[in-house]
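Below is one structure; the comments refer to it alone.
The values are calculated or read from the model by the stated rules, or taken from the named source; none is laboratory data. For clarity, every value in this text was computed on a predicted model and none was experimentally measured. Neighbour counts are summed over all protein chains in view; Cβ atoms, including those assigned to glycine, are modelled from backbone coordinates with ideal geometry.
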Amino acid sequence: MGAMFAFIFVRLGDALTRIYQRLAKNQSALVRLQHHLNDCLGLTSDNIFIINDYMKIFENYHAEIEEPKIFGNELHQLPVDKEIPLALTNLEFVNDVYSYQESIRKLNNSMATANRIVNQTTTSFVQGHIVHRTYAANINHYKATMTTIKAFLEATKKDTLQLYASARVQSKDNPFLSKIIQQVFKHEFTTKQREQITKEIEKVEREISSIAATSRAKISDIQDGLY
């Protein structure tokens, strides 16, 4: 009997250890995901700024304009880390992350196409392969594409905030033997977590607004010093 109970406890201990390690990997993945999504938020905001700049430069642009304008910036690709979902335990959240990554992949393809066409059009004009009328027509035609990409970037920003808040809420559930092994893995968000995610989104948005205001003030100070 003693040998049998010793065997049972050893096997139980091994099982609990494996489950604990799985939850520890999940915790690490949540932290890693937050850093990853923070990068995506920054790049998304940068791309929206670039498109706004593009629209401002070519506002009311036409073939008869005396001084032709060119655009020298490019839209930045958003990173996709395919390893992160493999370590997550919340199946609902895993599906959300995979769906998000697929939308990022499509958005990246659209931005790459936009960069390629704008660069080719600009290069052709600068090298004299196309006349200004053709260049202006291409620029005005591609304004609609830029507007569409901006709309998807705005939607991606909201999706990124949703995932970021979700990851932050889950990462606060630290293991106490990972809360008795998280009741053996939660596969869906709890009601409390869903409420916290909404509050976390509001908190993240306030943080972003504060950082943006500080950044604008810094840029303004630098520009004032130049003139």
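Looking at the stretch 124-147 only, could you name the residues that are within 24 Å of the chain's Cα centre (by Cα) and surrounded by fewer than 13 Cβ atoms within 10 Å (Cβ to Cβ)? Lay out the reasoning, then the answer.
At the first step, the residues of the stretch 124-147 found to be within 24 Å of the chain's Cα centre (by Cα) are 143-147.
Residues satisfying the conditions are ALA144, THR147.
Is one or more of the residues making up the stretch 94-101 touching a helix residue (DSSP H, G or I) at 6+ places or on another chain (Cβ under 8 Å), more than 21 Å from ALA29 (Cα to Cα) and crowded, with 16+ Cβ neighbours inside 10 Å?
no
For the structure I just gave you, tell me whether THR121 is crowded, with 19+ Cβ neighbours inside 10 Å, outside any helix (DSSP H, G or I) and either in contact (Cβ under 8 Å) with a residue 12 or more places away in the chain or touching a strand residue (DSSP E or B) at 6+ places or on another chain (Cβ under 7 Å) (or both). Walk me through it before giving the result.
Numbers: crowded, with 19+ Cβ neighbours inside 10 Å: yes; outside any helix (DSSP H, G or I): no; either in contact (Cβ under 8 Å) with a residue 12 or more places away in the chain or touching a strand residue (DSSP E or B) at 6+ places or on another chain (Cβ under 7 Å) (or both): yes.
No.
In the stretch 32-53, which residues are acidic (Asp, Glu) and under 13 Å from the mean Cα position of the chain (by Cα)?
ASP39, ASP46, listed by residue number.
Of all residues being without any contact (Cβ under 8 Å) to a residue 24 or more places away in the chain and assigned to a helix (DSSP H, G or I) in the stretch 126-147, which is nearest to GLU102 (Cα to Cα)? Just the residue, please.
Once the filter is applied, the top-ranked residue is ALA144.
What tally of residues in the stretch 54-71 results from selecting those that are touching a residue at least 12 places away in the same chain (Cβ under 8 Å) and either more than 28 Å from THR113 (Cβ to Cβ) or under 22 Å from the mean Cα position of the chain (by Cα) (or both)?
Taking the stretch 54-71 and keeping what is touching a residue at least 12 places away in the same chain (Cβ under 8 Å), we get 54-55, 57-58, 61-63, 65, 68-71.
Filter once more, keeping what is either more than 28 Å from THR113 (Cβ to Cβ) or under 22 Å from the mean Cα position of the chain (by Cα) (or both): 54.
The number of residues fulfilling the criteria is 1.
Considering only the stretch 35-59, state which residues are within 18 Å of PHE93 (Cα to Cα) and surrounded by fewer than 17 Cβ atoms within 10 Å (Cβ to Cβ).
HIS35, ASN38
Of all residues in the stretch 72-111 being in contact (Cβ under 8 Å) with a residue 60 or more places away in the chain and assigned to a loop (DSSP other than H, G, I, E, B), which is farthest from GLN170 (Cα to Cα)?
Of the stretch 72-111, the ones in contact (Cβ under 8 Å) with a residue 60 or more places away in the chain are 75, 78, 87-93, 96-97, 100, 104, 111.
If we keep only those that are assigned to a loop (DSSP other than H, G, I, E, B) as well, we get 75, 78, 88-90.
Working: LEU75: 32, LEU78: 24, LEU88: 10, THR89: 11, ASN90: 9 Å.
That would be LEU75.
Suppose we filter the stretch 63-111 for residues that are of a type in the set (A, V, I, L, M, F, W, C) and either modelled with pLDDT of 95 or more or touching a strand residue (DSSP E or B) at 6+ places or on another chain (Cβ under 7 Å) (or both); how many remain?
The number of residues fulfilling the criteria is 5.
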